[in-house]
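Right, one structure below, let's go through it.
The values are calculated or read from the model by the stated rules, or taken from the named source; none is laboratory data. Remember, predicted model here, so these are calculated numbers, not experimental data. Cβ: placed from backbone, ideal geometry, glycine included. Neighbour counts: every protein chain shown.
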Protein chains: 2
Amino acid sequence: MSSKKPTIKDVARLAGVSFKTVSRVVNNEAWVSDDIKTRVQAVIAQLNYQPNRTARLMRTAPFSLAFVYDNPNSHYVIEMQNGILSQCRQKGFELVIHPTDSHSGQVLHELTTIIGSNQVGGVILTPPLSENRELVQQLLAQQAKVVRIVSGSAPPDDLCPTIYVDDEQAGFSITRHLLKLGHRRIAFLGYHKDHQSSLGRYRGYCAALHEAGLTVSEQLVIAGDFTFDSGVAMTEQLLQQADKPTALFGCNDEIAAGALFTARMHQLAVPQDLSIVGFENSPFSRQTWPRLTTVHQPNAEIAAKAAALLISLMLENETQTEHCGFELQLVLRDSVSTL
Amino acid sequence: MSSKKPTIKDVARLAGVSFKTVSRVVNNEAWVSDDIKTRVQAVIAQLNYQPNRTARLMRTAPFSLAFVYDNPNSHYVIEMQNGILSQCRQKGFELVIHPTDSHSGQVLHELTTIIGSNQVGGVILTPPLSENRELVQQLLAQQAKVVRIVSGSAPPDDLCPTIYVDDEQAGFSITRHLLKLGHRRIAFLGYHKDHQSSLGRYRGYCAALHEAGLTVSEQLVIAGDFTFDSGVAMTEQLLQQADKPTALFGCNDEIAAGALFTARMHQLAVPQDLSIVGFENSPFSRQTWPRLTTVHQPNAEIAAKAAALLISLMLENETQTEHCGFELQLVLRDSVSTL
DNA sequence: GAAAAACGTGACAACGTTGACATAAATTTT
DNA sequence: AAAATTTATGTCAACGTTGTCACGTTTTTC
């Protein structure tokens with residue numbers, strides 16, 4: 001049975017009204033008499049009628065947004081995705097996942113396709129794509145709504161609503177925390193010149209050292225990316241040096257986990273012989289031994305806020321660009337000791 | 001400029017042909033002369049025309065599939081998602097993410113909505129939803145294509161194409177591995193009566209013990225779920241007992257990580273004082289100290305296969321149900337020693 | 001108590017595509 | 001060289017909605 005999905009016209013026929021009236025009932029429009037309304041609703045329930053989203057979309061703006069990200073394996077992505085999804089569910093929006101390679105040069109083309117084909121009406125951009133001013137402008141030029149998540153203590157411009165996360169301030173706090181405990185030789189792991197979060201955290205690190213009257217030692221700033229393996233490699237490099245640090249600031253928890261691992265390999269006790277801090281408060285930062293002191297980054301909240309802004313932008317079609325900043329809090333755990 | 005997105009008719013006008021001809025060019029249909037083809041293509045490029053996916057969808061079956069899962073925070077989800085996404089990209093399909101709570105009783109209703117509204121044409125089901133025979137049948141009754149991923153050494157039935165993963169066999173191998181190294185008191189952490197993967201691994205565990213002439217001790221089989229915290233709690237419980245085990249079989253890596261953590265709390269050296277194995281080979285299983293011996297579960301591959309089956313089902317509209325089984329391999333690392 | 005406003009309903013044209021069919025031109029077959 | 005076939009293009013009706021407008025029927029207003 002049920003060879004075909006019922007349409008609005010099937011409902012109309014059975015309810016003995018015009019299909020436009022059914023449309024009114026479905027969309028909760030005014031000026032439908034109560035008895036017809038209930039009659040139509042009964043038929044809808046009886047047939048288990050679902051409005052065809054595709055057909056509806058032909059007449060309305062898209063109810064979908066895209067989440068665009070670059071590093072598909074980070075835990076950060078799934079947290080963000082969950083945050084976005086929670087908002088989408090609430091507002092009846094659909095989420096299109098769009099992992100991409102920001103180095104491929106294909107991003108603009110890919111996004112143009114999904115926007116141009118009317119598949120999505122808006123886009124949430126994460127770093128490093130969100131830092132690409134030109135990309136944002138080109139998406140905007142295609143009538144797409146854009147919300148971006150960036151690192152910074154203020155929105156870089158008013159191009160579009162922006163969620164900014166104050167990495168510098170957090171980098172400052174956590175470095176100062178180490179300084180307060182007496183550490184003087186603090187290494188910075190995961191410096192990356194193209195990565196705004198890394199740079200922000202680095203600036204905070206420098207600022208805290210300066211405040212304490214210390215200078216930044218080039219030897220202690222190690223470049224690398226935000227992975228466990230890179231953390232291992234950077235720590236190895238560091239431990240080969242003559243002037244060993246007493247504390248390590250990993251630019252994210254994965255780097256810190258790599259450092260932890262490497263310390264164990266070198267029979268260094270953490271935190272007694274070496275203090276290590278991470279950044280992000282990812283789930284596994286409290287599952288390592290010792291549990292990592294880190295900075296809490298509320299990814300789900302951040303992304304949910306981005307989604308909420310984007311959705312209201314798509315619904316209300318406002319031009320006013322609202323921004324939102326997030327401050328990050330220290331999470332003190334067991335991977336740090338006084339010197 | 002560019003106030004409106006160009007349509008097929010805009011292209012047609014500019015190219016001086018009928019819009020149907022443009023449609024032919026876009027869809028690569030036969031019987032279009034080469035010069036018109038190139039002329040149209042030039043205009044398409046010039047206007048940066050993208051066929052409107054929504055309009056197209058009104059005439060064709062949906063090019064979207066849903067990924068339905070229950071446990072949004074597991075790493076397993078993102079790996080699967082990536083696998084599915086890779087297939088979708090290749091075939092031009094769209095992915096709709098659908099996390100849900102299998103206990104809410106809302107699942108059928110939720111899926112009915114996205115299927116009924118023509119949003120998706122097919123669904124990939126993961127445990128425990130995939131084990132619900134009735135759910136599968138009801139989705140099938142709505143003309144949806146379904147592919148499910150289940151635990152087992154064979155597909156449970158021919159309702160739909162099925163990816164089955166042999167947990168029992170893997171549970172057997174890893175338990176036998178411990179037995180070979182001389183372990184006799186091996187605990188099983190994460191028994192869960194409603195969880196087929198857990199039960200499969202448990203059956204393998206029992207089979208291996210029997211093969212070695214041992215009986216399963218109730219004391220050593222601890223019920224719990226697949227989380228770090230549960231792993232901690234179960235290990236605590238175990239370590240309070242008189243007859244302590246020499247090895248722990250964690251039903252997944254998170255449980256094993258919890259066990260590792262708890263062992264450390266109790267000053268037990270792993271693997272010298274206690275051997276621990278996990279299951280899944282999630283990224284962090286090689287980032288713990290010591291690195292976990294575990295079973296490799298190729299989630300991305302499994303999910304990619306599921307997506308491939310689903311997509312071919314949606315495209316070719318075949319009725320024949322093709323299945324696919326995965327065997328799991330041991331990954332030997334450092335968390336196990338001979339007794 | 002007539003005019004105006006508020007309600008309630010329906011007809012019909014979009015929206016941008018694809019599919020069925022028609023038709024004209026070019027080519028092959030008889 | 002007429003008939004049949006192939007090739008190349010166009011016309012028009014769907015698809016299932018929502019928006020615009022029109023048209024009755026009530027209720028309110030002066």
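Could you go through the stretch A:292-315 and let me know if any residue there is at positive phi, touching an Asp or Glu at 6+ places or on another chain (Cβ under 9 Å) and touching a residue at least 24 places away in the same chain (Cβ under 8 Å).
no
Could you list all residues from the stretch B:48-65 that are surrounded by 22 or more Cβ atoms within 10 Å (Cβ to Cβ) and more than 10 Å from chain A (Cβ to nearest Cβ)?
The answer is B:L65, and nothing else.
Just for the stretch A:237-260: of the residues that are within 14 Å of chain B (Cβ to nearest Cβ), of a type outside the set (D, E) and in contact with a helix residue (DSSP H, G or I) (Cβ under 6 Å, 6 or more places away or on another chain), which one is farthest from B:L260 (Cα to Cα)?
Among residues in the stretch A:237-260 that are within 14 Å of chain B (Cβ to nearest Cβ), of a type outside the set (D, E) and in contact with a helix residue (DSSP H, G or I) (Cβ under 6 Å, 6 or more places away or on another chain), the one farthest from B:L260 (Cα to Cα) is A:G250.
So, A:R53, is that one near DNA strand C (Cβ under 9 Å from one of its atoms) and either closer than 27 Å to A:Q119 by Cβ or out of contact with any strand residue (DSSP E or B) (no Cβ under 8 Å at 6 or more places or on another chain) (or both) or not?
In short, no.
To keep it simple, each residue is scored yes or no on (1) outside the structural domain of A:T262 (by TED's automatic domain parsing); (2) closer than 27 Å to A:N73 by Cα.
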| position | (1), (2) |
| --- | --- |
| A:L140 | yes, no |
| A:Q143 | yes, no |
| A:G171 | no, yes |
| A:T175 | no, no |
| A:F188 | no, yes |
| A:R203 | no, yes |
| A:V216 | no, no |
| A:D225 | no, yes |
| A:F249 | no, yes |
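In this structure, is A:A45 within 16 Å of DNA strand C (Cβ to nearest atom) and more than 11 Å from chain B (Cβ to nearest Cβ)?
For A:A45, the condition - within 16 Å of DNA strand C (Cβ to nearest atom) and more than 11 Å from chain B (Cβ to nearest Cβ) - is not met.
For the stretch A:255-277, what are the residues that are free of Cβ contacts under 8 Å to residues at least 40 places away in the same chain and in contact with a strand residue (DSSP E or B) (Cβ under 9 Å, 6 or more places away or on another chain)?
A:A257, A:G258, A:A263, A:L274
Considering only the stretch A:280-307, state which residues are more than 14 Å from chain B (Cβ to nearest Cβ) and surrounded by fewer than 20 Cβ atoms within 10 Å (Cβ to Cβ).
Selection gives A:H296, A:P298, A:E301.
Quickly run through the stretch B:175-205 and pick out the residues that are crowded, with 19+ Cβ neighbours inside 10 Å and within 18 Å of B:L238 (Cβ to Cβ).
Across the stretch B:175-205, the qualifying residues are B:T175, B:L178, B:H183, B:I186, B:A187, B:F188, B:L189, B:G190, B:S198, B:R201, B:Y202, B:Y205.
Quick one: in the stretch B:91-105, of everything that is more than 11 Å from every other protein chain (Cβ to nearest Cβ) and under 25 Å from A:L57 (Cα atoms), which residue is surrounded by the most Cβ atoms within 10 Å (Cβ to Cβ)?
Ranking the candidates gives B:F93 first.
Do we have B:I78 as within 9 Å of chain A (Cβ to nearest Cβ), among the β-branched types (V, I, T) and part of a helix (DSSP H, G or I) here?
Considered against the rule, which asks whether it is within 9 Å of chain A (Cβ to nearest Cβ), among the β-branched types (V, I, T) and part of a helix (DSSP H, G or I), B:I78 comes out as yes.
Within the stretch A:13-24, track down each residue that is surrounded by 18 or more Cβ atoms within 10 Å (Cβ to Cβ) and more than 9 Å from DNA strand D (Cβ to nearest atom).
A:L14, A:A15, A:V17, A:T21
Looking at B:N28, is it modelled with pLDDT under 95, away from every other protein chain (no Cβ under 14 Å), more than 12 Å from DNA strand D (Cβ to nearest atom) and farther than 30 Å from B:I114 by Cα?
When the stated conditions are applied, B:N28 passes them.
Just the residues that are among the aliphatic types (A, V, I, L, M) and surrounded by 19 or more Cβ atoms within 10 Å (Cβ to Cβ), please, taken from the stretch B:145-174.
B:V146, B:V147, B:I149, B:V150, B:I163, B:V165, B:A170, B:I174
Residue-wise test of (1) touching a residue at least 12 places away in the same chain (Cβ under 8 Å); (2) facing chain B (nearest Cβ under 10 Å); (3) hydrophobic (A, V, I, L, M, F, W, C).
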position	(1), (2), (3)
A:I8	yes, no, yes
A:T21	yes, no, no
A:V68	yes, no, yes
A:P72	yes, yes, no
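Enumerate the strands (runs of 3 or more DSSP E) found wholly within the stretch B:227-339, keeping only those where 1 or more residues are closer than 30 Å to B:A66 by Cα and modelled with pLDDT of 95 or more.
Qualifying strands (runs of 3 or more DSSP E): B:294-296, B:324-326, B:329-331.
Does A:I84 count as aliphatic (A, V, I, L, M) and within 11 Å of chain B (Cβ to nearest Cβ)?
So A:I84 fits the description; yes.
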